[in-house]
Ligand code: KG4
Ligand code: ZN
């Protein structure tokens, strides 16, 4: 089966071609530069960019795969959750293509696709479902932070999610307080690499709570008060690095601690992680160390597949169609607030 997938839920315009579990092409046009001047994603601008870029991005994915639209057997797109007008562009384009080519269309839940992105590996990237093991999956991005129990392929249950800010948002907002440009996560990662994570003490919200929820707005507030009381810290290169390392350590401690705690409680042998914050080197190293300590297998999404992409949408769509899932209606609407329901 050869399938084209589109993803436009936030600020990445992406198209991918997938055939029999292999990613033949994956093209992502990022809008980071466009939004950085505003310090965050502006939905209206994101939508205009998707409109401008989606067809060229789709054409380059097909070209990279060496295929034409007539070679496709199905079309997929992210149906939700995400920014309503942004979702509309990818979804309606995919449905129109499916109509014109007389092909089945399948609408995909963006977070469900993240759950399987750690299983896409190798060159060329392939879905390694043969290696699948029941797992606890951490999805951690600028918009979302959640823990999911993936009990079997295509069977999952959300364990907990953030009560306020997402972890990526916490990276970006604290970076902004420090005076770093948007998105600050990667910059904090860079500066933290040479800093002392124990230099300054910040709270680890909900780390020892029995539930699987997260909360990061208190940490952001703690950084705000810290900077009010110690404004000189950001002027000193060494102290700035220590500050970034200390903020990152607090976020990483919470993400790692809660993920391992859930995995041990549920008795799974495998942990996975995906989403933009999974690019963070501190988080990758810490998850690796803690999983090893607790004899858990760790599968981290490839850095190129951590941030939003259409390859993960295509891989999940193909897997679902193979497992007998029905196509989605060609006039189905976007689902901006779609909850990841238990399956
Ligand atoms: O998954 P993603 O591209 O977009 C969504 O939010 O859906 O994630 C973007 C987020 C941003 O908050 C960005 O700061 C964060 O991921 N991020 C990082 C790193 N790379 C990206 N945060 C910390 N360390 C990184 N290396
Ligand atoms: Zn995402």
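Bear in mind these aren't lab numbers, they're just calculated from the coordinates by the rules spelled out. These figures come from a predicted structure and were not determined experimentally. All Cβ positions, even for glycine, are placed from backbone atoms using ideal geometry, and neighbour counts span all protein chains on display.
A few points about this structure:
- Acute angle (nearest 10 degrees) that the helix 237-266 long axis makes with the longest principal axis of the chain, alpha-carbon atoms: 60
- The mean sequence distance of close C-alpha pairs (under 8 Å, at least 6 residues apart), as a share of the length of the stretch 9-69, puts its relative contact order at 42 percent.
- The order of the peptides 56-65, 285-294 by mean Cβ neighbours within 10 Å, most packed first, is 56-65, 285-294.
- Estimated from helical segments only, the mean residue ellipticity of the chain at 222 nm is -13500 deg cm²/dmol, where each DSSP H run of four or more residues counts as -39500 (n - 2.57).
- Treating r as the C-beta distance of residue 20 and residue 176 and R0 as 56 Å, the FRET efficiency rounds to 0.80.
- Between residue 68 and residue 130, the simple label model (points 7 Å from Cα in the Cβ direction) yields a spacing of 3.5 nm.
- Diffusion constant of the stretch 9-67 at 10 °C, which comes from Stokes-Einstein with the Kirkwood Cα-pair radius and 1.306 mPa s, µm²/s: 130
- Taken over the alpha carbons of the stretch 130-263 as equal point scatterers, the Debye sum produces base-10 log I(q)/I(0) values at 0.10, 0.15, 0.21 Å⁻¹ of -0.35, -0.70, -1.17.
- Over the chain, Cα pairs under 8 Å with separation of 6+ residues give a relative contact order of 25 percent.
- Inverting the pair-averaged 1/r between distinct Cα atoms of the stretch 40-113 gives 13.1 Å as its Kirkwood hydrodynamic radius.
- Highest mean packing comes first when the peptides 331-338, 247-254, 216-223 are listed by Cβ atoms within 10 Å, giving 247-254, 216-223, 331-338.
- Short-range pairs are left out: with C-alpha atoms under 8 Å and at least six residues apart, the relative contact order of the stretch 177-256 is 50 percent.
- Spin-label zone in the stretch 178-203 - amide nitrogen under 16 Å from a point set 7 Å from the Cα of residue 164 along the C-beta vector: 202-203
- Calculated FRET efficiency for the pair residue 52/residue 101, C-beta based, R₀ 25 Å, to 0.05: 0.65
- Protection proxy ranking, highest mean first, for peptides 15-23, 206-214, 172-180, 41-49: 15-23, 172-180, 41-49, 206-214, where packing is the per-residue count of other beta-carbon atoms within 10 Å, averaged.
- Ranked list, fewest to most other Cβ atoms within 10 Å of each Cβ, for 204, 155: 155, 204
- Likely footprinting exposure, 116, 182, fewest C-beta neighbours within 10 Å first: 182, 116
- Bins of 20 Å, starting at 0 and running to the largest distance - Cα pair percent for the chain: 32, 56, 12, 0
- Acute angle (nearest 10 degrees) that the helix 281-293 long axis makes with the longest principal axis of the chain, alpha-carbon atoms: 90
- Rounded tilt (10° steps) of 84-101 against the dominant C-alpha axis of the chain: 20
- Distance in nm between pseudo-label sites at residue 201 and residue 151 (7 Å out along the Cβ direction from Cα): 4.2
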